[in-house]
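Here is the structure we will look at.
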Amino acid sequence: RDIIIMTLCCEQCNFRNSEVNFSGEIQERGDKITLKLTTRDDLNRQLIKSDSASLLLPKLDFEIPPNTQRGSVSTIEGVLRKATENLERGQAE
């Protein structure tokens, strides 16, 4: 699949946003990438997550299933923060 990365940065208010869109066909079989986090610095690793990708953290028994977050360029910590915010928002209802 082709990746389109869009970044918005406002010089007046310092708002920043990065978003990933994908074009083309999805592969019949995706790739599995495994990363073992051993230090806090590992949470700062950049991650490009497509909307059709899942993220599994076995030690936390936590999964972000496909099609629950938009495609994004972030850090691992950023993806987890977004998932936490979405869960908190869902609890308020």
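Find the residue count for segment 56-78, including only residues that are assigned to a strand (DSSP E or B) and within 17 Å of residue 6 (Cα to Cα). Talk me through it step by step, then tell me what you get.
Of the residues in segment 56-78, the ones assigned to a strand (DSSP E or B) are 56-57, 62-64, 72-75.
Narrowing further to those that are within 17 Å of residue 6 (Cα to Cα): 72-75.
Of the residues in segment 56-78, 4 are assigned to a strand (DSSP E or B) and within 17 Å of residue 6 (Cα to Cα).
Going by what's in this entry, would residue 81 be described as of a type in the set (Lys, Arg), more than 18 Å from residue 4 (Cα to Cα) and either in a helix (DSSP H, G or I) or open to solvent by 40 Å² or more (accessible area, probe 1.4 Å) (or both)?
So residue 81 fits the description; yes.
Any idea which of 44, 21, 86, 14 is of a type in the set (S, T, N, Q) and open to solvent by 100 Å² or more (accessible area, probe 1.4 Å)?
From the options 44, 21, 86, 14, the qualifying one is 14.
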### Task
Collect the residues in segment 32-55 that are modelled with pLDDT of 90 or more and not in a loop (DSSP other than H, G, I, E, B), keeping them in residue-number order.
40, 41, 42, 43, 44
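The values are calculated or read from the model by the stated rules, or taken from the named source; none is laboratory data. It should be emphasised that the depicted structure is a prediction, and the values quoted were computed from it without experimental measurement. With ligands, DNA and RNA removed, areas are computed over all heavy atoms of the protein, side chains included. Shrake-Rupley method; radii C 1.70, N 1.55, O 1.52, S 1.80 Å.
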